[in-house]
Amino acid sequence: MHDDHDDDGSRTITLEGSALAPAGLPTGRLAVVHPPEHARVIVLGKEPVTIGRKPKGDDARGLIPASTVSREHLVLSWDGRSRAHVALDLGSHNGSWLDGAPLTAARTPLDDGAVLRLGGVVAVYELEPPFASDAPAPLEAALPGVSAAMRRLRRQVAQAGPDPSAALVVGETGAGKEHVARALHRLSGRPGPLVAVNVTELTADLAESQLFGHERGAFTGADRAQPGLFRAAHGGTLFLDEIGELPAALQPKLLRALQEGEVRAVGATRTERVDVRVIAATNRDLRADVASGAFRRDLYARLSLWELDVPAVRERAADILMWIERFHRAFCAERGRAGAAALRFEPDAVEALLLAPWPDNLRGLDRLVHRLAHDAQDGLPVSRARLLDAVPGLAADLAGDDGAPGAAAPDAAEPAKRPAPTSAEELLAVIAEQGGSIRGAARWYGRHHKQVYRWLDAFGVDRERLT
């Protein structure tokens, strides 16, 4: 972690664990997620690893003792030219699939987040940066998941939690931003409460009063004084969800509260000191809003002293089955069915689950469980056909999948996926052609924007060059 001070005295904290291992030290992992009795993580480096029921030499690294897996099913090895691990099926009896397509006899590069199916076993391949240390164990309960994305997020939360600086939590709707805010508050050690408010719920003409309080008689209907949310959170944390929706007129007043640590109630003549840590969350691109003038640059700088990116569900495919199990347990407990059997899935249904884009993130998984659990009395594994029937639009999403987990169907005029860049110069040229937009470069390559960031890290490009 390093601490950069900006010209206005604020600081931006760069989190550890955000970069890939150096080019000469490739690190990957194969997270086996189905069937659950064979779940494990296989660590990958430069040395080839043979995956199978009984690999040559009884190499335990790639051992998966499942009946649908051949003795030597496939081999995973590092390819320096493509800067990725590659997969090669070894003539397996039940076949291998990569992102839903059969693996050929050629060595095939694996993208970060690729879904592999070996017979009836399903796994997720991930590139993984090295971690200086593991996050505290309690965070695993608050922010569960074995995926590299969630392990990275837990480490970031562990770093940011005890610090009193403001934090900005970004991520798609339903990704779990409030869970991160609650974890940050628990780690802060602050004795006061966590006060949460969705900015969109603030009344347009009373938002200032709701945030900072008002004096009796400050306006029509103010028959008594109110402390406001800031003072209610004194000694604790104020969580401002959907901060991107904050009215422009309130932005300088929020900035003052952050800078000075004091608020002035509507109708008051004096300010009052408050000890509040602010955590904000948004699903908007605040940098774009700053560029367009919709959001104050100085306020963004103050809110994002820590900036934590909550990965979308499609970016943590290795955790999807775990979340389905959690939602199913909660579903059954609420209905007095605590002893009900867990939902089970056929291998190709698991493959579809892991390749789906899940635009509603965790809420989409919860809705899926609700639909499947109501007719789960037959005890049979959920088939792919039944899954597609339970999730409207999923069949079309999978049919249009370009091979990048969660990617939308590519435009018909564009190739499904362009080759990965082979140099920093090539990647930076594409980014420049896209007006400096990482997301634009991601669309050009047919990948998720996270993959572009990983390429930048792998090539040793300082992200500050792009801002």
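A few points about this structure:
- When we screen G91, G100, G113 for residues that are at pLDDT 85 or above, small (G, A, S) and more than 26 Å from the chain's Cα centre (by Cα), the only hit is G91.
- Contacts under 6 angstrom Cβ, first residue in the stretch 67-79 being not assigned by TED's automatic domain parsing to the domain that holds V32 and surrounded by 18 or more Cβ atoms within 10 Å (Cβ to Cβ), partner of a type in the set (D, E, K, R) and not in a loop (DSSP other than H, G, I, E, B), 6 or more apart: none
- For the stretch 187-206, the set of residues classified as part of a helix (DSSP H, G or I), surrounded by fewer than 18 Cβ atoms within 10 Å (Cβ to Cβ) and of a type in the set (G, A, S) is empty.
- Residue in the stretch 284-302 that is small (G, A, S), under 18 Å from V199 (Cβ atoms), surrounded by 14 or more Cβ atoms within 10 Å (Cβ to Cβ) and within 24 Å of the chain's Cα centre (by Cα) present: no
- Among the conditions (1) on the phi < 0 side of the Ramachandran plot; (2) at pLDDT below 95; (3) not in a helix (DSSP H, G or I), the only one that V169 does not satisfy is (2).
- Here E351 fulfils each of the conditions (1) assigned to a loop (DSSP other than H, G, I, E, B); (2) touching a Phe, Trp or Tyr at 6+ places or on another chain (Cβ under 8 Å); (3) not aliphatic (A, V, I, L, M) apart from (1).
- Lone qualifier among A390, A333, A318 - being among the small types (G, A, S), within 30 Å of S67 (Cβ to Cβ) and free of Cβ contacts under 8 Å to residues at least 60 places away in the same chain: A390
- Residue check, L184 outside any helix (DSSP H, G or I), touching a residue at least 12 places away in the same chain (Cβ under 8 Å) and hydrophobic (A, V, I, L, M, F, W, C): no
The values are calculated or read from the model by the stated rules, or taken from the named source; none is laboratory data. Note that the structure is a prediction, hence the values are computed from the model and not measured. Note: ideal-geometry Cβ built from the backbone for every residue, glycine included; neighbour counts use all protein chains shown.
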